[in-house]
Amino acid sequence: MHRRQGRRPVQAPGARVTGRHRGIDLERMIRELASYQRGWAGYFGFSQWHELQSLDGWIRRRLRCVVWVQWKTRGRRYHELRRLGVPGPAASEAVFSPKGPWRLSFTNALHRAFTNARFRRLGLPPMAKLVNA
C-alpha cells in the first residue's frame with residue numbers, strides 16, 4: 001500500500017505564513033516569508049542546495065495559489081489576469097477551469113501573471129541569491 005508522504009518539515013512554517021485564507025495582501029505575506037527564507041538559507045546553506053531549489057519553486061507556487069484564492073470571483077480573476085498581461089484566451093481558460101487552486105497555480109496563465117521577476121520586484125528573494133550572499 002502506498003502512503004502519501006506528508007509535508008516536509010521545512011515547509012511547515014512557510015505553509016503557516018502563506019495560509020490561503022489569511023486575508024492579508026501579497027506584499028505583506030512576502031515580507032513575512034522573506035525572513036523565513038533567510039533563515040532557511042542560512043541554516044541549510046550549501047549542504048542541501050537541491051532541497052532549497054525545490055523549496056523556492058514550492059513557495060512561488062504557493063503564492064500563486066494564495067492570490068488565486070484571494071481573487072475569489074471569476075470576473076475578478078479574469079480582470080486581474082488581463083491587467084497582469086495574460087492574453088484573453090489563456091485568462092479565460094484558467095478562469096473557467098474546473099481545477100482547484102493548487103493545480104491552477106501551475107498553469108501557463110498564472111506563470112505569465114506572476115513571473116520570477118515579478119516576485120523579485122515584490123520583495124521575494126531567490127534562494128540562490130540568499131545562499132550566495
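The values are calculated or read from the model by the stated rules, or taken from the named source; none is laboratory data. Since the structure is predicted, the reported quantities are computational estimates derived from the model, not experimental observations. With ideal geometry, Cβ positions are generated from the backbone for all residues, glycine too; neighbour counts draw on all protein chains shown.
Name the residues in the stretch 67-87 that are modelled with pLDDT under 95, in a helix (DSSP H, G or I) and surrounded by fewer than 20 Cβ atoms within 10 Å (Cβ to Cβ), would you? Scanning the stretch 67-87 gives 69, 70, 71. From the list 58, 40, the lone residue that is modelled with pLDDT under 75, within 20 Å of residue 128 (Cβ to Cβ) and out of contact with any Asp or Glu (no Cβ under 8 Å at 6 or more places or on another chain) is 40.
Looking at 91, 117, which one is at pLDDT 90 or above and in contact with a Phe, Trp or Tyr (Cβ under 6 Å, 6 or more places away or on another chain)? It would help to see each step written out before you state the result.
On the way: 117 fails: in contact with a Phe, Trp or Tyr (Cβ under 6 Å, 6 or more places away or on another chain).
When all the criteria are applied, what remains is 91.
Reported count of residues in the stretch 90-133, each being in contact with a helix residue (DSSP H, G or I) (Cβ under 8 Å, 6 or more places away or on another chain), within 22 Å of residue 30 (Cβ to Cβ) and β-branched (Val, Ile, Thr), is 2.
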